Amino acid sequence: MAIEKKLFGTMANGEEVYIYTLKNSKGMTAEICTYGATIVSTKVPDKNGKFHDVMLGYDNLDGYLKGDKFFGALIGRFGNRIQYGKFTLNGKGYQLAQNDGENHLHGGPKGFDKVIWDSKIIESESNTLELTYFSTNGEEGYPGNLTVKVNYVLTEDNALEINYYATTDEDTIVNLTNHAYFNLSGHSSGDVLNHKLMINADKFTVNDKTSIPTGEIKEVAGTPMDFRTLTFIGQNIDSDYEQIVFGKGFDHNWVLNTNGSDSLKAAQAVAEDTGIIMDVYTTTPGVQFYSGNFIDGTDTGKENFIYRIRNGFCLETQYFPNSINCNSFSSPILKARDEYKHKTIYKFSTL
């Protein structure tokens, strides 16, 4: 199927932002804009064949420019948090912006979610959109000139694949992810507490009260963090378990059992009202399940729907938060002339 390109909006400096629509023969569509390499919408069929947009977002560029929830955005140079915005690499200390309390979050005040990406359609590969960005040495405080490429692929089996690539001329840290908020009942259907979720993980990383991992990795067994079988998101979301109190709900990293294989299911979400199932596969070692605890009613999204607390959930595939400062975690260091390469797949089907 051909990919359609349209003007999505214009920046204050006159730079144009485009939106691409990928569509397969089953009728599934994914819309991606060049501002923040953002997934604007994903429309999939329910158990009765009716299509729903299962992703929170905005109808126009202005919404993304004003919004602060990272709806659908490509996150980098380092997704999630770094304690105090500090790390040491090759004996040199670096200080990043402290844009989440005293910590660094999602690449800084102007992360990859707030830049315009170059784009092209890959004609030789069906339904593939390639987005590229050159992050200069010192941008947001990070070392090394980083060349990033992200391919979005819509497959014939109703899967949206995200392929991440990066190279650097100097050792740096990289942790790319996508911050899509999903609601499998439809983006404007209210909260996701009746969704069921499975995360293929026996362990999670314990957080302090500022959502920074302490370095401790704990078994999920016997805790509200146990999603090894399909469990209602709302079942324990208001628990007095300390980790949930700290996050005001779920906002934690799970240690996946998949050992970097994208052929093993990392997570599954199900909305029984629509019958829509989303299976997640990834090559990354962790996934951040975030239950939309800080969506606060200040965002008017698509179709003028006001998004409120827990109206969407995220499954952000990643290296563990603060992994550069925890020697026991998988290393996010990208060496000069090595290649960062990861894949995440969101595959949709029905009950």
Using the Cβ atoms and a cut-off under 10 Å, what net charge is assigned to the surroundings of TYR18, where Lys and Arg are +1 and Asp and Glu are -1?
+1
Roughly what would the spin-label model give for LEU264 and ALA12, points 7 Å off Cα along C-beta, in nm?
4.8 nm
Heavy atoms of the protein only, probe of 1.4 Å, neighbouring chains included. What is the accessible area of ARG308 in Å², nearest 10?
130 Å²
Could you list the chymotrypsin sites (Phe, Trp or Tyr not before Pro) in segment 278-351 that lie in coil according to DSSP, counting only those with at most 14 other Cβ atoms within 10 Å of their Cβ?
PHE294
Trypsin sites (Lys or Arg not before Pro) restricted to segment 129-213 and DSSP loop, no more than 11 other C-beta within 10 Å
LYS209
State which entries of LYS26/LYS302; LYS203/LYS343; LYS6/LYS196 exceed 29 angstrom in Cα-Cα distance in the structure shown.
LYS6/LYS196
Counting only heavy atoms of the protein chains, get the accessible area per residue of segment 133-241 (1.4 Å probe) and round it to a whole Å² value.
36 Å²
Please list, or write none, the lysines whose alpha carbon is within less than 24 Å of the alpha carbon of LYS86, excluding same-chain residues fewer than 8 places away.
LYS69, LYS110, LYS114, LYS209, LYS335
For a paramagnetic label modelled at 7 Å from the Cα of THR210 toward its Cβ, which residues of segment 218-243 fall within the zone defined by backbone nitrogen distances under 19 Å?
243
For percent of Cα pairs over 34 Å apart, with candidates [x] 19; [y] 31; [z] 23, the value calculated from the shown model is option [x]
Of ASP251, ASP118, ASP68, which has the largest mean-square fluctuation in a 10 Å C-alpha GNM of the chain?
ASP68
Ranked highest first by the average count of other Cβ atoms within 10 Å around their residues, in what order do 42-53, 231-242 fall?
42-53, 231-242
Low-density loop cleavage sites - GluC sites (Glu not before Pro) in segment 96-158, where at most 12 other Cβ are within 10 Å (DSSP)
GLU102, GLU123, GLU125, GLU156
Extension gain ASN257-LYS92, at 0.36 nm per residue separation less the Cα-Cα distance, in nm?
56.0 nm
With the full set of protein chains in place, find how many percent of the accessible area of the chain is carbon and sulfur; take the probe as 1.4 Å.
45 percent
Top mean-square fluctuation among GLY108, GLY76, GLY141, Gaussian network model of the chain, C-alpha springs under 10 Å?
GLY141
Over the chain, with a Gaussian network built from C-alpha contacts below 10 Å, which listed residue (VAL287, VAL115, VAL192) shows the highest mean-square fluctuation?
VAL115
Let's test the formula: R0 of 41 Å, r as the Cβ-Cβ distance of LYS47 and GLU123. What FRET efficiency results, to the nearest 0.05?
0.75
Once the dipole of the chain is set up from charges on Cβ (+1 Lys and Arg, -1 Asp and Glu), the residue from the list GLY215, ALA267, GLY141 lying farthest towards its positive end is ALA267
Estimated distance in nm for a label pair at ILE306 and ASP62, the labels positioned 7 Å out from Cα along Cα-to-Cβ
1.9 nm
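The values are calculated or read from the model by the stated rules, or taken from the named source; none is laboratory data. Keep in mind the model is a prediction, meaning the values are calculated, not measured. Cβ atoms come from the backbone with ideal geometry, glycine included; neighbour counts cover every protein chain shown. Quick note on the areas: whole protein, heavy atoms, side chains included, nothing else; ligands and nucleic acids left out. Shrake-Rupley method; radii C 1.70, N 1.55, O 1.52, S 1.80 Å.
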